Structures are given as C-alpha cells and as structure tokens.
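Below: one structure, written as structure tokens.
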Amino acid sequence: MSDIDNSLEQLLSNASPRPVPSSTDAAKAREAVHAEWRAVSGKHRSRKRLVRLAVAATIVVGVFSLFSAFRGPSVDFVRVASIQKSFGSVYVLGEQSELTLANNLTTIYSGQTIVTGSDAGMALSWGKGGSVRLDKATKIEFVDDHTVRLQSGRIYFDSTPSELISGNSASGAESLQVETEHGTVSHVGTQFMAQVNTGELSVSVREGLVDIVGRYYPHTASRGEQVVFSGSHRPVVLSVPEYGDRWDWVTQTSPTIDVGGKTVHAFLMWAARELGMSIEYADAAVERVAHQAVLEGRVDMDPAEALRLRMLTAALDWRYVGGVIYVSDGS
C-alpha cells in the first residue's frame, strides 16, 4: 500500500461517523431530484419543439418565396376589344386548354385566347382604335392592349375604318402588333391581312406600309404586295390586287352599320373600303346627287349585296371597273 493510501485510511478512521437520514428525508430528497430532472427534460423538449417549429416556418417561407418567384409580378387584365359581329362556333381557350363556347361574349380582355371554328368569323372594335377581323379556323391570343399573337388562321386589320361602323376609332391604332412564330407584323396606317399556316407567314397589304421583322429577315411591305416568310428562306414578294376573292372573307365579317341620316356618298365610301376599291363618279352632277341623297335604316349584309340594294333607292347605277366602283345616273 502506498503512503497516499495509508494517509487516506488514517484520515477516514479518525473521522466521526455521519448521521443516517430518516426515511422521510430520503423520500423528499428523491422527489426533489426527480422534479429537477423533469424540469430540465422539459426545457430540452421545449427547445427541440421550438427548433422544429423554426425549421418548419423557414421551409414554408422558402417555398412561398419560390412560388412567388415563379409566379412573377401580378398582371392587370385590361379590356382590349369589343365584339361587333360574330357568327358560327367561337370558343374561348381555358387554362386547361379546354374550349368553351363564347355565345354571350361581348368583350375581350388581355390574356384571353379566341378560337374560331370552320364555320365562324368575328369583327372586333380594337380598344386602341381600328377594326380587327378574324377568319374561320383561327387561333389568336390577345396579349395586351397593343399586341396579339396569331397562332394559326387569318387576321385582318383596318387602322382607319369607316365612320359608319359604330364604336370604332382610329385613335392610337398605330400601336397594334401581330406576333407570330415567324416574325412580328407592325403597320403604319394601313389595311393588311396576316395569315399563319404550317411553317409559313403571309402578309398582304391593301393600303399603307407594314413592317415585318422575321426571324431571319426583315421586310417592309407596301400596297399591293404579299410577302411570304417560310423557314430561314428570304421572304418572297408577290404582287396581289387589293380586292377580289382573297379578301372575300373580310367582307363576310363586316359589322352592321347605321346609315340613318347618312349620305349615299358616305355609304359608298364604306362599301369601297370594305371591298378594297375606290369610287369614281361619271360626272359632277352624279357626285352632287351622291352627296345630297340621304339614306335610312341599318345595313347588316355583305357590302357588295348592300351596294346593289341601296343604290336602287338612290336612283343611281354602278358597276365594277377593275378595283373601281364606277357610279353613274343610269343613262
């Protein structure tokens, strides 16, 4: 045994015996120890719960922020056009790509996509000014109040429609753009038609100028031109008349006009613009009659048919001479 062990043994042997606690005191001591243990354990558990809640809250905030980032800024839906005429099957494309019949649709808002059936057509009063027509089998998205996205089919735009078409205005019409997968079409005070087929964009101009920024080449088309963009090829430019069969679908979508109190001359100007023609009077006397004679009622028919019927009441004769409506006194 070492000297240290001997010293400890001697120290313990000299110490007086310690008192033994009673059974009651021992029970109280054990209870105090258990109570302290429960308090400490509870603190640990509470701390763990707080940590778990904090982690969960962080995850929720992170997920919300992630969705917010993907969702992007809020979008204000604005009125872009009013429907003036509609016939056949017209649909609105839903969020799940479902088609819903738009029988009672009167107003079109940004973000909406319209699909016309094989028997359909539409005339719209563009909110920024001008008249928009949709042909059959057309799918078009109204992006905002100055942009449409033509996915398929045909669209026609007249920046300065006749004053007889109620609800139309030329104010601000220069802002309209037609986007397609082949390029963007912008006009400069004009009448034009844009058509998208599989792999091809065709733009025909009746009046004014149209700027086309293709995916590969730009081109400015003028009156009497048709420009065809196909793939990466250079655009093909053709000469086309501003009237005739290729424009017949446009006259089928002509909105109803009110000719009550309007002169025959104003009526002729409407018909000529819808048909892509000009007016020529046989002489000054005939022109004077046209400016003085007043019509009544409303016109809800093809301009060519309306021309035939209304001119009978004005005691004036007319005929087509190329792209000119030639008006005479019938003698």
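If you check Val115, Val78, which single one turns out to be on the phi < 0 side of the Ramachandran plot and modelled with pLDDT of 95 or more?
Sole residue among the options that is on the phi < 0 side of the Ramachandran plot and modelled with pLDDT of 95 or more: Val115.
Kindly provide the set of residues from the range 129-166 that are basic (Lys, Arg) and either surrounded by fewer than 18 Cβ atoms within 10 Å (Cβ to Cβ) or part of a strand (DSSP E or B) (or both), ordered by number.
Start the filter on the range 129-166 by keeping residues that are basic (Lys, Arg), which leaves 133, 136, 139, 149, 154.
The answer is Arg133, Lys139, Arg149, Arg154.
All conditions in (1) in a loop (DSSP other than H, G, I, E, B); (2) among the small types (Gly, Ala, Ser); (3) modelled with pLDDT under 95 hold for Ala69, with the sole exception of (1). Glu225 meets the conditions (1) surrounded by 15 or more Cβ atoms within 10 Å (Cβ to Cβ); (2) not assigned by TED's automatic domain parsing to the domain that holds Tyr156 in every case but one. The failed one is (2).
Does the range 238-282 hold any residues that are polar (S, T, N, Q) and surrounded by fewer than 18 Cβ atoms within 10 Å (Cβ to Cβ), and which are they? Steps first, please.
Going residue by residue through the range 238-282, those that are polar (S, T, N, Q) are 239, 251-254, 256, 263, 278.
Across the range 238-282, the qualifying residues are Ser239, Gln252, Thr256, Thr263, Ser278.
When the range 185-204 is filtered for residues that are within 17 Å of Pro161 (Cα to Cα) and without any contact (Cβ under 8 Å) to a residue 24 or more places away in the chain, only Val188 remains. Step by step: first the residues of the range 263-308, then only those that are more than 41 Å from the chain's Cα centre (by Cα) and charged (D, E, K, R), then the one that is farthest from Gly244 (Cα to Cα). Which residue is that? If we take residues in the range 263-308 being more than 41 Å from the chain's Cα centre (by Cα) and charged (D, E, K, R), then Arg288 is farthest from Gly244 (Cα to Cα).
The values are calculated or read from the model by the stated rules, or taken from the named source; none is laboratory data. Bear in mind the structure is a predicted one, so any value in this text is a computation, not a measurement. So basically every Cβ, Gly included, is an ideal-geometry build from the backbone, and we count neighbours across all protein chains shown.
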